[in-house]
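**Student:** Just passing along the structure, written as structure tokens.
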Protein chains: 2
Amino acid sequence: MMNTPLTITSMIERAEKYFSKKKVISRTQGGIHELTYKDIGKRVRALSSALEELGVEQGDRVGTLAWNHHRHLEAYFAIPSMGAVLHTINIRLPAEHLIHIINHAEDKVLLVDPDLLPLIEKIADQIPAVKAFIVMGEDFYVPESSLDPLYAYEHLVAEGDKTYEYTAQIDENDPAGMCYTSATTGKPKGVVYSHRGIALHSMSLGLADTAALSESDVSMPVVPMFHANAWGVPFSATWFGATQVLPGPYAAPKILAELIETYKVTTSAGVPTIWLGLLKEIETNNYDLSSIRAILCGGSAAPEGLIRAFELKHGIPFIHAYGMTETTPLVTLARLKSYQSDLPEDDRLSIRKKQGLVVPGLDIKAINDSGEIKHDGEDMGELLIRGPWIADEYYRDPDKSVETFRDGWLHTGDVVTIDEEGNVEIVDRTKDLIKSGGEWISSVELENALMGHEGIFEAAVVSMPDPKWQERPVACVVLHEGVELSKEEILAYLEAKFVKWWVPDDVIFMEEIPKTSVGKFLKRTLRDQVREMV
Amino acid sequence: MMNTPLTITSMIERAEKYFSKKKVISRTQGGIHELTYKDIGKRVRALSSALEELGVEQGDRVGTLAWNHHRHLEAYFAIPSMGAVLHTINIRLPAEHLIHIINHAEDKVLLVDPDLLPLIEKIADQIPAVKAFIVMGEDFYVPESSLDPLYAYEHLVAEGDKTYEYTAQIDENDPAGMCYTSATTGKPKGVVYSHRGIALHSMSLGLADTAALSESDVSMPVVPMFHANAWGVPFSATWFGATQVLPGPYAAPKILAELIETYKVTTSAGVPTIWLGLLKEIETNNYDLSSIRAILCGGSAAPEGLIRAFELKHGIPFIHAYGMTETTPLVTLARLKSYQSDLPEDDRLSIRKKQGLVVPGLDIKAINDSGEIKHDGEDMGELLIRGPWIADEYYRDPDKSVETFRDGWLHTGDVVTIDEEGNVEIVDRTKDLIKSGGEWISSVELENALMGHEGIFEAAVVSMPDPKWQERPVACVVLHEGVELSKEEILAYLEAKFVKWWVPDDVIFMEEIPKTSVGKFLKRTLRDQVREMV
């Protein structure tokens, strides 16, 4: 058969050619923009030509620090289509991490949103490899800035060649993108995505059995485009000609609800924190969200109460998924099998709250000290993943690579069970498991139970050293506004659900659980706080 | 990223592991069989081990002469998963072609349905490369036959190793399958399918925007498994865990209608002749076909009247698709874009009757003497196709390869228009175009118009040599039973639809249009017949 490579270039060219009338709606600090794929296609070509003029060559890294908007989308295609590498940078990283990853990736050019310029101005003298900065604002002129040379995105695009031909000879295994993991410990680790990996992943998002992204969708990724390519949604949505709504900077729940209502969004993707926020908003104010056919939720486990509220109270289908930066990211997705659709509501929810079935194209297994675990929903082991959109190393980091990529598998550090239907459920991180009296206690299962209580907004469970049992669990709880609950009531609630030795020794009430920049609980910080408090 | 190969092995392993309860329903001469993917998985392993025992090695070709049933499905996976090549042989070929392709492919083992044994017995002494024959019947014992050595499929499977591990080191570009085109002229040409090509094609069939094959489907391929892998449907359906209904030998319209009703088939695939037959059946007798969510129709152009009858009269969504043996085969598929769904019925049908939009992953263009054609629905050119599931040569046939595979594109020999939305419409074969007075007349457009007449069952238009105009069209028409129509009435009907010089010079009434073994009009034979008659 022909050895036609799988590339990102072919995705944008398809959108340009066959979906020229379809629209990308983009919210920026300048307001709402509506562009067709015909417009976008020309602007992508112009950006590629401008980057080439600036000296970007095949294989060079080009960094972005930007929210979810059309200019970022254009960069998603312009950079890989000319053979360079799209390096999306997490805007919430501390300065020392920004310096580290920009230097480690050797970014040659940085594209930066206007409101994020100060982040880079502060560190500009410590990132010597960067040869040019581009500000992704509305204006043709650059703002006052210490960055030099600094170009205005719209000026480059206006002057660029809108008929630029993508002539780069791209092998499908060439790097197309990269993203550093938001490490909770140590320095961020770089993951490089190939054209092949992104193309196959994008195809998997279009499968009827996964996210079923299609031309008829109005797709609104809330997950940041600087975090695992917004789960690959912008690539798929463009390839398949879906309408896209990019919610821009500081997209508060009210803004999201309004965008959904106005543009009849059919599908969205984000972490549980986003949906907890949206839930509060739609329970306070009235919106017509009937256009939504599916919400994708991943990044960390969604509490059952959240799924229940969306599905049963608001009639919004809520699909739980699992992946990580190292996996492009989609690995599993929770859907009922056809013969499960008639199960009682609670049984269906208990399946839907798991992370789900591995998508076609990937292999998984879970191992513990006794070998591969049984598929019985009880046996616990570390999840291992293999497949063509799974990283096989951390970029220029052999030490960290050796820990994670072994024997042909990615070792996730996630402890899971797998039920007889093949559904994966994360029960903990290997390092967050609580080892009490020689047995394992899953902090995540306790957290999910706590967050299933209607008075509790958020909860995290961490280990405390214990002279007798080695470790014992302690619960940290954030109550909903106006709710009063005592420590004893919470413990009694858990005693009804778990064996006695799983029930935490203490409950600590907090204002907020500390989180990483992508909304995951920062267990290490929390553990330190708690150990000081108790 | 990991260089995990895309293989057929991973498809059957996924079905075994995650869809062990789902069923394959198979109609054979022995009756109806129901097997789970758990059963199928074990039987596939046993068949692989048996073939290995018979001396089949990686890269060897193993031929099948069989209808659509579970044993053929097992061969679809057992042969490629052990690294050998599944060579599906068209059972309707004349003996000389059978001899040619079995020798040309150098098949080492042949799997043959009981009723098809005589085809092979007749030629057994002319296919010296074949070392063993397997009869795919119900029995543990072999029937009386001159074939030697002859094994019983069920005996091999029963004795085989049901825990056989697929240890073959398969590169994704290794051959997995092959199929010879049913040539209307000259010898059949071999097309080799790689693991990669079949895997990517299978994924494309699962996209929400294409066939949307999914776990919840009950999939019944009517297109023969000896013809372009039954359009790849059995591979996708297995990978995604769909229920499959395999309709077996001599599946008359009545049998198809009963299978659809009994097993609540949701999707089926076949050539127009099949659906013309089913239409007659469901208009004569009562069936509940409400389970069907989509019928896929390809192989040759479906007349508008057929689409109209299924869609409007029977409420059965009818999806027109296009492909060929050389393209695995799916290339284009006709669906409305989201903004076309409110168009008036006739406008929607005029889109649905085209061959449609190229699927994600492939590139197309059409060229004529002036270069690439305009996307205006008028300009005509030869369709060219490129992509990872498109063949790049005919097997061991450099002369034929050079004609068809040039400049990195497959030259289809199909003359098409492409409209501004990107929808392809076949207007003719390059060799069936009628050249009249220096202009082109599309025989296919005339045929479609004729078949849109409610009194006409089938029609073909061929060229006659003409001293003045070089060539002139003549229509061959088969009327529905009991209908009376005169030549003059038919010509008047066409005069209302076409410019004067397109209207055929004559109408010839026939009992049947001669067809190839896969149901396509045999234009060359027809031309010869007509030239003798006129």
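**Student:** So, with +1 on the Cβ of K and R and -1 on the Cβ of D and E, and no other charges, what is the size of the charge dipole of region A:8-251 about its Cα centre, to the nearest 20 debye?
**Tutor:** 620 debye
**Student:** Do you know the relative contact order of region A:250-352, to the nearest whole percent, from alpha carbon pairs under 8 angstrom that are 6+ apart?
**Tutor:** Normalised by residue count, the contact order of region A:250-352 is 21 percent.
**Student:** What average count of beta carbons from other chains do you get within 10 Å of the Cβ of residues in A:237-244?
**Tutor:** Across the residues of A:237-244, the mean count of other-chain Cβ atoms within 10 Å is 2.
**Student:** In degrees, nearest 10, range 0 to 90: what is the angle between the Cα axis of helix A:523-533 and the longest Cα principal axis of chain A?
**Tutor:** The angle comes out at about 50 degrees.
**Student:** Tell me, what HN-Hα J-couplings in whole Hz come from the Karplus equation 6.51 cos²θ - 1.76 cosθ + 1.60 at θ = phi - 60° for each residue of region B:443-455, using x for Gly and Pro?
**Tutor:** After applying 6.51 cos²θ - 1.76 cosθ + 1.60, I find 5, 5, 5, 5, 4, 4, 4, 4, 6, x, 7, 5, x Hz.
**Student:** Report the one residue of A:211, A:111, A:101 whose Cα lies farthest in the direction of the positive end of the charge dipole of region A:8-251 (charges on C-beta: Lys and Arg +1, Asp and Glu -1; origin at the Cα centre).
**Tutor:** A:211
**Student:** Does a label point 7 Å from the Cα of residue A:468, set along Cα-to-beta-carbon, have any residues of region A:426-450 with amide nitrogen under 18 Å, and which are they?
**Tutor:** A:435-441
**Student:** Quick check: Cα centre of region A:299-342 to Cα centre of region B:272-304, how many Å?
**Tutor:** That distance is 37 Å.
**Student:** In percent, how large is the relative contact order of chain A, given Cα pairs closer than 8 Å and 6 or more residues apart?
**Tutor:** Relative contact order for chain A comes out at 10 percent.
**Student:** At a temperature of 10 °C and a viscosity of 1.306 mPa s, determine how fast region B:433-533 diffuses translationally according to Stokes-Einstein, using the Kirkwood radius over alpha-carbon pairs as Rh; express D in µm²/s, rounded to the nearest whole number.
**Tutor:** 116 µm²/s
**Student:** Separate question: Per residue of region B:471-481, what does 6.51 cos²θ - 1.76 cosθ + 1.60 with θ = phi - 60° give for ³J(HN,Hα)? Whole Hz please, x for Gly and Pro, Karplus curve as stated.
**Tutor:** Per-residue couplings from phi come out as 9, 9, x, 10, 9, 10, 10, 10, 7, 4, 4 Hz.
**Student:** Tell me which residues come under 5 Å, amide H to amide H, from residue A:320 once H is placed; ignore anything under 5 positions away on its chain.
**Tutor:** Close amide H contacts, sequence-distant or interchain: A:297, A:334.
**Student:** Quick one: of the DSSP bridges fully inside region B:8-251, what percent are antiparallel, nearest 5?
**Tutor:** Taking every DSSP beta bridge within region B:8-251, about 30 percent pair in antiparallel fashion.
**Student:** Oh, and also: Among A:336, A:256, A:18, which residue has its Cα positioned farthest towards the positive end of the charge dipole of chain A, with +1 placed on the Cβ of Lys and Arg, -1 on the Cβ of Asp and Glu, and the dipole taken about the Cα centre?
**Tutor:** Checked the options; the winner is A:18.
**Student:** Helix-only mean residue ellipticity at 222 nm, chain A, DSSP H runs n ≥ 4 weighted -39,500 (n - 2.57), per residue, nearest 500. What is it?
**Tutor:** My calculation for chain A gives -8500 deg cm²/dmol from helical runs alone.
**Student:** Can you sort B:100, A:227 by how many other beta carbons sit within 10 Å, fewest first?
**Tutor:** Ordered from fewest to most neighbouring Cβ atoms within 10 Å, B:100, A:227 come out as B:100, A:227.
**Student:** Could you point to the residue in B:508, B:498, B:300 farthest towards the positive end of chain B's charge dipole, with +1 and -1 charges on the Cβ of Lys/Arg and Asp/Glu respectively?
**Tutor:** Final value for the positive-end residue is B:300.
**Student:** Report, by chain and number, residues whose modeled amide H sits under 5 Å from the one on residue A:61, excluding near sequence neighbours (fewer than 5 apart, same chain).
**Tutor:** Here the answer is A:85, A:108, since their amide H atoms fall under 5 Å of that of residue A:61.
**Student:** In addition: Report, for region B:236-362, the % of DSSP beta bridges that are antiparallel, rounded to 5.
**Tutor:** Counting DSSP beta bridges with both partners in region B:236-362, the antiparallel share is about 40 percent.
**Student:** Lysines within cross-link reach of residue B:400: Cα-Cα under 18 Å, excluding same-chain residues under 8 positions apart?
**Tutor:** Partners found: B:187, B:189, B:431.
**Student:** Sticking with this one: Would you mind calculating the gained length between residue A:285 and residue A:497 on full extension (0.36 nm times residue separation, minus the Cα-Cα distance), in nm to one decimal?
**Tutor:** Computed gain between residue A:285 and residue A:497 is 72.9 nm.
**Student:** What FRET efficiency, computed as 1/(1 + (r/R0)^6) with R0 = 60 Å and r the Cβ-Cβ distance, is obtained for residue B:367 and residue A:487, rounded to the nearest 0.05?
**Tutor:** After rounding, the FRET efficiency stands at 0.20.
**Student:** Separation of region A:413-468 and region B:463-533 by C-alpha centroid, Å?
**Tutor:** Each part's Cα centre sits 75 Å from the other's.
**Student:** Now, a different point. Can you tell me the FRET efficiency between residue A:169 and residue A:129 if r is taken as the Cβ-Cβ distance and R0 is 35 Å, rounded to the nearest 0.05?
**Tutor:** That pair, residue A:169 with residue A:129, gives E of 0.90.
**Student:** Spelling out what I want: for every residue of region A:300-315, take phi, set θ = phi - 60°, compute 6.51 cos²θ - 1.76 cosθ + 1.60 (Karplus), and round to whole Hz; glycine and proline get x.
**Tutor:** Values per residue, Gly and Pro as x: 8, 5, 7, x, 4, x, 5, 4, 4, 5, 5, 6, 8, 7, 10, x Hz.
**Student:** Something else: Assigning unit charges at the beta carbon (Lys, Arg +1; Asp, Glu -1) and nothing else, what dipole magnitude in debye, to the nearest 20, does region B:395-460 show about its Cα centre?
**Tutor:** 440 debye
**Student:** Under 5 Å between amide hydrogens, which residues at least 5 positions from residue B:161 or on another chain qualify, with H placed 1.01 Å from N in the peptide plane?
**Tutor:** B:49, B:50
**Student:** Could you pull the copy-to-copy label distances for residue A:139, with points set 7 Å along Cα to Cβ, in nm to one decimal and sorted shortest first?
**Tutor:** For residue A:139, the inter-copy label distances come out at 9.0 nm.
**Student:** In bins 10 Å wide, starting from 0, what share of all Cα pairs of region B:8-251 does each bin hold, as a percent?
**Tutor:** 8, 35, 40, 16, 2, 0
**Student:** Restricting to Cα pairs below 8 Å that are 6+ residues apart, what does the relative contact order work out to for region A:214-309? Please round to a whole percent.
**Tutor:** Computed value for region A:214-309: 29 percent relative contact order.
**Student:** So how tilted is helix B:70-81 from the main axis of chain B? Cα-based, degrees 0 to 90, rounded to 10.
**Tutor:** 70 degrees
**Student:** Moving on. For residue B:348, which inter-copy label distances result when the label point lies 7 Å beyond Cα on the Cα-to-Cβ vector, reported in nm to one decimal and in ascending order?
**Tutor:** 2.8
**Student:** Using packing as a proxy for protection, rank B:315-325, A:364-374 so that the peptide with the highest average count of other Cβ atoms within 10 Å comes first.
**Tutor:** B:315-325, A:364-374
**Student:** Given Cβ point charges of +1 (Lys, Arg) and -1 (Asp, Glu) and nothing else, what value in debye, to the nearest 20, does the dipole of chain A about its Cα centre take?
**Tutor:** Dipole about the Cα centre, nearest 20: 720 debye.
**Student:** Determine, from the Cβ-Cβ distance of residue A:187 and residue A:533 and an R0 of 41 Å, the FRET efficiency 1/(1 + (r/R0)^6), rounded to the nearest 0.05.
**Tutor:** Efficiency, from the Cβ-Cβ distance: 0.90.
None of the figures in this text is laboratory data; all of them are computed from the coordinates on show. What you are looking at is a predicted structure, and each value in this text was computed from that prediction instead of being measured. For neighbour counting, all protein chains shown are included, and Cβ atoms are generated from backbone atoms with ideal geometry for every residue, glycine included.
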